[in-house]
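K.L.:
After the structure tokens below, expect a handful of questions from me.
The values are calculated or read from the model by the stated rules, or taken from the named source; none is laboratory data. Predicted model only: the values in this text are computed from it and were never measured. Note that we place each Cβ from the backbone using ideal geometry, even for glycine, and neighbour counts take in every protein chain shown. Note: areas computed on protein heavy atoms with side chains; ligands, DNA, RNA excluded. Shrake-Rupley method; radii C 1.70, N 1.55, O 1.52, S 1.80 Å.
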Amino acid sequence: MGVQMRPADGAMSLAEMKEFAGFPAATQRYVRRSLDIGLSRQDAMARWSRDVVEAASIKAQARIYCRLDHIRDHLPDDSGLDQMEPFYTPLITITAFDLGQGRLSSFASYRFLYERLIGGGVRPWLPGAFCAAAALPHLHPEKRRLLLQSISEAAATAPGWSSRQPCFFPEWVDKIEEPLPN
């Protein structure tokens, strides 16, 4: 039996595509690269490395993203503090790495990426992890200010979050050299 897509799923996919299209090109590239690394989709080094600096960044990202499986395995079922430490500490560490790369310039782009890396159940934990990592001293004070200002009051104080899994996972698209048929 095939999987049937509900109309709401199609609308959500389009909304997610529109959100992704609104990010700067560098953010879009970083999200696709991060998903390739974090979800083991493609050889990120072969696909995304343009120079030795980017190659070193990809290697560092792959090392730090090794913690994603642990984070997924320890995603708390509720807001109990006893479940928080084994989950939250590595989440903040990975978040700090990604924010330090300078490509995720807002809470929206961070949330978009992490919902896909970890799953919809991570939503309640993202505002706190983002704020904690954005306030760390490894970021320039102006960058910290911009990041912390990017999270809306509604996102920071939401009374509840959906656990719905994201629908749209952006991928690399090869450039088509041939003209499209009429």
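K.L.:
Could you please report the charge total around Asp43, scoring K, R as +1 and D, E as -1 over all other residues with beta-carbon less than 12 angstrom from its beta-carbon?
P.N.:
Local charge sum for Asp43: +2.
K.L.:
What is the percent carbon and sulfur in the accessible area of the range 1-108, measuring with a 1.4 Å probe over the protein chains and ignoring ligands?
P.N.:
The value for the range 1-108 is 57 percent carbon and sulfur by accessible area.
K.L.:
Now for a different question. Relative to the present Cα-Cα distance, how much length would full extension add between Asp78 and Arg50 at 0.36 nm per residue of separation?
P.N.:
Extending this stretch completely gives an extra 5.9 nm.
K.L.:
Which residue fluctuates the most in the chain, going by a Gaussian network model with Cα springs under 10 Å, if the choices are Ala158, Ala62, Ala96?
P.N.:
Ala158
K.L.:
Report, in cubic angstrom per residue, the convex hull volume of the C-alpha atoms of the chain.
P.N.:
Per residue, the Cα convex hull of the chain comes to 175 Å³.
K.L.:
Of Lys18, Lys59, Lys143, which has the most accessible area and how do the rest follow, probe 1.4 Å?
P.N.:
Lys18, Lys59, Lys143
K.L.:
Rank Trp48, Trp161, Trp125 by accessible area, highest first, at a 1.4 Å probe radius?
P.N.:
Heavy-atom accessible area, descending, gives Trp161, Trp125, Trp48.
K.L.:
Express the accessible area of the range 52-182 per residue in Å², computed with a 1.4 Å probe while the remaining protein chains stay in the model.
P.N.:
57 Å²
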